[in-house]
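What follows is a single structure, written as structure tokens, with notes after it.
Read the figures in this text as sums done on the coordinates, not as results from a lab. Here the structure is a predicted model, which is why all the values come from computation and not from measurement. Don't worry about glycine lacking a Cβ; one is built from the backbone with ideal geometry, like all the others, and counts go over all protein chains shown.
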Amino acid sequence: MFTTTQQLDSSCHAQARPTALLTCKNNIMPLSWHMPISKEPFMYAISVRDENYSYELLHKYKEFALNFLDFSYIEIYNKMGKLHGNSIDKFQESSLTSKEAMTIDSKLIEEAYMIYECSVVDILNYGDHDIFIGKVKCIHNKDEKNILPTLFMGKGYYETISNKPKRIH
């Protein structure tokens, strides 16, 4: 038996969403509303709520980086979501190592296993979020084999996948 609603609320099941740490200038924000939208050219969309400091920075500087960190960093993901970057230095609070980007003027996170550097090419407004369409200008990959990606389940819950992926032919 289904229950039916017209909005995303507590009656809905959790949705497992791959999570990254968004960096724009020196600010860090956990982000699970994102997706690739084109392979050639490689374009990526992120959705950021208007109440976030990152929203203001994205509109002003029109660039961002998505930093994907292993599941072992869930405490930092959670902490960065509770702090506001307009009043504190989130890099200092996070104990993460900042790294210079190659194609944008925003900081990257050294501990990430993969990073997308993006320049914003379009902004669309839908309700309380803006969708920032980014052209991926550079991809950084670490040669690590045992990655446990971080999945955000909502309401402060995180999960990961098994380290034995199954390939179906």
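Listed values, structure above:
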read-out	value
From the C-alpha gyration tensor of the range 70-169, square roots of 5λ in Å	24, 19, 18
MRE, 222 nm, helices only [DSSP H, n ≥ 4, -39500 (n - 2.57), over the chain, to nearest 500]	-3500 deg cm²/dmol
Euclidean distance between Cα centres, the range 5-61 to the range 120-147, Å	8
Of the trypsin sites (Lys or Arg not before Pro) in the range 17-70, those whose Cβ has at most 13 other Cβ within 10 Å and which sit in DSSP loop	K39
At 1.567 mPa s and 4 °C, Stokes D of the chain from Kirkwood alpha-carbon radius, µm² per second	77
